[in-house]
Amino acid sequence: MDLYDLAGIDWWSTQCYYHALAYLGREGLIICYPTSPYVCLGLHDDLEQEIDRSYCEARGLPLLRRETGGGVVYLDCNQIFFQLVLRRDNPVLPLKRQRFYKHFLQPAIRACQLFGLPAELREPADIVACGRKCSGNAAGDIGECVAYVGNILLDFDFDLMSSLLWVPGPGFKECLRVAMRRYLTTLADWLPVPPSYLQLSTALAAGFAGEFGPLNRRLPDEELEAEAGRLKQRLTDRSWLSLPGHKTKERRIKIAEGVYLVESGCARGESRILLLRDGMTTDLADCPDLLSDRNISPDTQHRASALEYIADGA
Amino acid sequence: MQVDKRFVPEGLLYARNDYWVKATADEAVIGLTAYGQDVTGDILYLELPPVGDSVSRGEDSGSIESGKWVGRLLPPVTGTVLERNSVLEEDPSGANQDPYGVGWLIRVRLADPSELEVLLSPAAYREWIEEQIRREQEEEGAL
């Protein structure tokens, strides 16, 4: 299989190369990171419902809609991407496509473990360390291929992520920030100095070679560059970004597998902020300490004080 | 409510990519089979083709998102979309819970009724999904 170990590349290239491979019917593995930040919507995300566009515009954050699933993500140079494109008829793909995550995520799990994280798979598609998600993943059919994409979080700007999403109010935004800090983790939480790109990409490439056989290092060729350029126009086009998507009656943001923050309307026009975790629902106004247990880092505990603000009736 | 993935009603035609077709004169209703929805998993969102659009057999005509996966909607026959199941756009769970009833996807005017001849009978489709289920079990062991 071809390996495109590209290190830092233009933000749009980090999405368009794997789409281009898929549309060209070429298998390959891409490892890279974006040299500048951007916001990426899932195929069925509704732009108006999900994004605070004025915030993104003010920050100069470009938008792109990918053809894989999952939700809105903020992406920057503190995330290392690994993207695998396989032809639909590749015999390694199971009939139930979600089952392949187990295979696809092994190299990232081993890389995280190598650098000291107690990383493990949380099915179907999360990598967690001590129950906290440390990798974002998505997949989908593109052209005659399937693409599985993921990233490893070296660090993450929780403030920015909670600001760029459209939220019903400041209380929800604060809860979102604290909940993300509670249920997500990054290599920076565990290591005084996160591994370099070279260290991580080497570990990932070795893992993928172990899973899928020898990798043939190469650079994008003319055909791939041309297709990626064409796709940039389409995936960032205003009409494509504005396609109607999955609308929900209540504001609901997925934080990790089985964990959602929800604003739920109730009597007298008031609304409540609920945390749904593994089927259990908790009203955060009733449990201001929910997100500040001993498992949260000191920084997170500090941020959890935001919940007191909500509990105080703000 | 879980539907039996082996449920294959009589009176319909089937495609190997797990769609059913109910043909009447020059029209057909299309849906995902019980086995198809089982392989897909819990459906979160369905993007169906608009009324008036032409769809072609086996060609990308929409998408189906389930959990951490987006698959393509590949209709088993060619035609013009006369109606789409708008209920599923708000709540796609019908495609999982009642795939042969409230979970139908689109109704089309057939462009080439001879395409129906290559579809499978219920008995042939039952054989097909048994093969697939055996393959799934092997995969489960391998993974």
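Read the figures in this text as sums done on the coordinates, not as results from a lab. From a predicted model like this one, the values you see are computed outputs, not experimental measurements. Neighbour counts are summed over all protein chains in view; Cβ atoms, including those assigned to glycine, are modelled from backbone coordinates with ideal geometry.
Of A:230, A:132, A:65, the residue with the greatest mean-square motion in the GNM of chain A, using alpha carbon springs below 10 Å, is A:230.
Each residue of the stretch B:23-31 was assigned a 3J(HN,Hα) from its phi angle through the Karplus expression (A = 6.51, B = -1.76, C = 1.60, θ = phi - 60°), giving 9, 9, 6, 9, 10, 8, 9, 10, x Hz with x at Gly and Pro. Just so you know, the averaged projected area of the alpha carbon convex hull for the stretch A:1-42 sits at 3.1 nm².
In chain A, how does Rg compare with the Kirkwood Rh, expressed as the Rg/Rh ratio over alpha carbon atoms? Could the numbers behind the result be given before it?
Details: Rg = 19.5 Å, Rh = 20.2 Å.
Value, to two decimals: 0.97.
Highest mobility in the GNM of chain B, judged by mean-square fluctuation with C-alpha springs under 10 Å and restricted to B:20, B:69, B:128, is found for B:69.
When you restrict to C-alpha pairs under 8 Å that are six or more residues apart and normalise by the size of chain A, the relative contact order lands at 21 percent.
Computed from Cα positions, the angle between helix A:13-23 and the longest principal axis of chain A comes to roughly 60 degrees. Using C-alpha pairs under 8 Å with a sequence gap of at least 6, the mean separation divided by the residue count of the stretch B:72-143 gives a relative contact order of 31 percent.
Listing B:63, A:196, B:56 from fewest to most neighbouring C-beta atoms within 10 Å gives A:196, B:56, B:63. The Cα trace of the stretch B:1-64 gives Rg and Dmax of 12.7, 34 Å, the first to one decimal, the second as a whole number. Among the lysines of the protein assembly as shown, pairs at least eight places apart or on separate chains and with Cα atoms under 20 Å apart come to 13.
As a rough footprinting exposure proxy, the listed residues A:126, B:53 were ranked by other beta carbons within 10 Å of their own, and the order from fewest upward is B:53, A:126. Springs between alpha-carbon pairs under 10 angstrom, Gaussian network model over chain A: which of A:197, A:74, A:55 fluctuates most? Of the options given, A:55 has the highest mean-square fluctuation. May I ask you to derive the relative contact order of the stretch B:13-142, considering only C-alpha pairs under 8 Å and at least 6 residues apart, and to give it as an integer percent? Reported as a whole number, the value is 28 percent. In the distance distribution for the stretch B:13-142, Cα-Cα pairs more than 24 Å apart total 25 percent. With Cα atoms defining each centre, the stretch A:149-168 and the stretch A:192-259 are spaced 15 Å apart in the structure. The three principal axes of the C-alpha atoms in the stretch B:75-143 carry coordinate ranges of 43, 34, 19 Å, sorted with the longest axis first. With just the Cα atoms defining each centre, how far is the stretch A:27-44 from the stretch A:69-108? Give it in Å. Each part reduced to its Cα centre gives a spacing of 12 Å.
For every helix of n ≥ 4 consecutive DSSP H residues, a contribution of -39,500 (n - 2.57) applies; sum these over chain A, divide by its total residues, and give [θ] at 222 nm rounded to the nearest 500 deg cm²/dmol.
Computed mean residue ellipticity for chain A: -9500 deg cm²/dmol.
Relative to the longest principal axis of the Cα atoms of chain A, the long axis of helix A:197-212 makes an angle of roughly 70 degrees.
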